[in-house]
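Have a look at the structure below, then the notes.
The values are calculated or read from the model by the stated rules, or taken from the named source; none is laboratory data. Keep in mind the model is a prediction, meaning the values are calculated, not measured. Positions of Cβ are backbone-derived with ideal geometry, glycine not excepted, and every protein chain shown enters the neighbour counts. Areas reflect the complete protein model, heavy atoms only, side chains present, ligands, DNA and RNA absent. Shrake-Rupley method; radii C 1.70, N 1.55, O 1.52, S 1.80 Å.
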Amino acid sequence: MFAFSAGSLLGQDIHFSQFSNSPLNLSPGLNGVFGGDMRFIGNYRNQWQGVPVPYNTFSGTIENKFYYRKEKYDRYFTGSLLLNYDRQGSLKLTSLQIGIPIGITIPLAPGNFLSVSATPAFGQRSFDSHNWSFDAQFVDCLYDPGNPTREDGSLFSTNIQYFDLAAGLNYHWQSQEKRSKLDIGGGMHHLNRPDHNFWTNNPGDDVRLASRVALYGLGMIQLTSSFDLALQAQYQLQGGYRELLYGAGGRFLLNSKPYEELALQVGAYFRQRYSDAVIWHAEVYWKTWTLGVSYDLNVSDFNIATNNRGGPEVSLSYRLYRFKPTKYCPIDY
């Protein structure tokens, strides 16, 4: 239980290697930063399946823009829905979070936009006590699950609920003549540091979820008529936990015909947490669909247990355009 509590305080938030394809988990400031009127995103991650502590993570978002007035599409509100689900380890430690990101985007100058958003959320965390083991169940160096645990189960709860709050800011620039663009910003998660106290006999104990700061830069540089260079980086800080993830990729435009666009992007990223992973990444862009596939190749000392297998990750997004009286589209994403 002491180890469990320590894990809940530090790097317990879900994270995706394809962080740019899970924008609302990166920062609420990215709410509504896309071309189109609605966006649907789904993310799935399976990590460390080869060791007895697998992590399975799912995230889904829906974003919808509300424009100030008709025929004026460069400023708008965005209302969204965020769902996160994560299950890990032999105790099936499960996290469920439902958030309602609300944001506003305003133009600063032609091709320059500022977005501000906040995400109130409700969360639940639980674990299954049927598969746990304690040192008292080891007798003469042999483990017997039938031996008494000598633990008082009335001292703690296996289920807690909490209210959470996050906020973020994003600056978006895009070229008026090329496909080049840039997003820089950050987000602060768990602003209210919600209580994560599983103990029932000490309700006054201050067991708080550590705030998480996320900073990022997402850039695209058009080098030729059919080739773009993608550059991405993020830095996250939560309690004693640090993560720096950066990389690059090349995007090849295979079909530029309107409404039939097709592009392929391939690249690699490096997670500099404990120098622990090289991430191979590929994306397919077809019309308003985006499919991303990546695989974490574990290169840390933990590869003794993982045999270098970190795990796969898949993302899928779809952008919906509604009919508009004009052809003006402020953000081309």
Practice problem: Test each condition in (1) within 21 Å of Q238 (Cβ to Cβ); (2) without any contact (Cβ under 8 Å) to a residue 12 or more places away in the chain; (3) β-branched (V, I, T) for V139 and report the one that comes out false. | Solution: (1)
Quiz item: In the stretch 198-234, how many are at pLDDT 95 or above and open to solvent by 70 Å² or more (accessible area, probe 1.4 Å)?
Solution: 4
Quiz prompt | Qualifying residues in the stretch 249-276 (those that are open to solvent by less than 40 Å² (accessible area, probe 1.4 Å) and among the small types (G, A, S)) - the one nearest to P194 (Cα to Cα) | solution = A268
Exercise. Could you tell me whether the stretch 206-216 includes any residue that is among the small types (G, A, S) and not in a strand (DSSP E or B)?
Key: yes
Quiz prompt | Selection count where residues are more than 20 Å from A166 (Cβ to Cβ) and buried (at least 18 other Cβ atoms within 10 Å of the Cβ), scope the stretch 112-125 | solution = 1
Practice problem: Looking only at the stretch 128-136, decide whether some residue is on the phi < 0 side of the Ramachandran plot, in a loop (DSSP other than H, G, I, E, B) and open to solvent by 60 Å² or more (accessible area, probe 1.4 Å). | Solution: yes
Practice problem: Determine, yes or no, whether Y44 is modelled with pLDDT of 85 or more, of a type in the set (F, W, Y), assigned to a strand (DSSP E or B) and open to solvent by 20 Å² or more (accessible area, probe 1.4 Å). | Solution: yes
Quiz item: Out of (1) open to solvent by 50 Å² or more (accessible area, probe 1.4 Å); (2) farther than 24 Å from Y295 by Cα, what's the single condition that is false for L244?
Solution: (2)
Quiz item: So, of the residues in the stretch 138-195 that are among the hydroxyl-bearing types (S, T, Y), under 36 Å from the mean Cα position of the chain (by Cα) and not in a loop (DSSP other than H, G, I, E, B), which turns out to be surrounded by the most Cβ atoms within 10 Å (Cβ to Cβ)?
Solution: Y162
Quiz prompt | All positions within the stretch 70-86 that are part of a strand (DSSP E or B) and touching a Pro at 6+ places or on another chain (Cβ under 7 Å) | solution = Y73, D74, R75, S80, L82
Quiz item: Could you give every pair whose Cβ atoms fall below 6 Å, whose first residue belongs to the stretch 310-333 and is at pLDDT below 70, and whose second residue is surrounded by 11 or more Cβ atoms within 10 Å (Cβ to Cβ) and of a type in the set (D, E, K, R), counting only separations of at least 6 or pairs across chains?
Solution: G310/D296; P330/D74
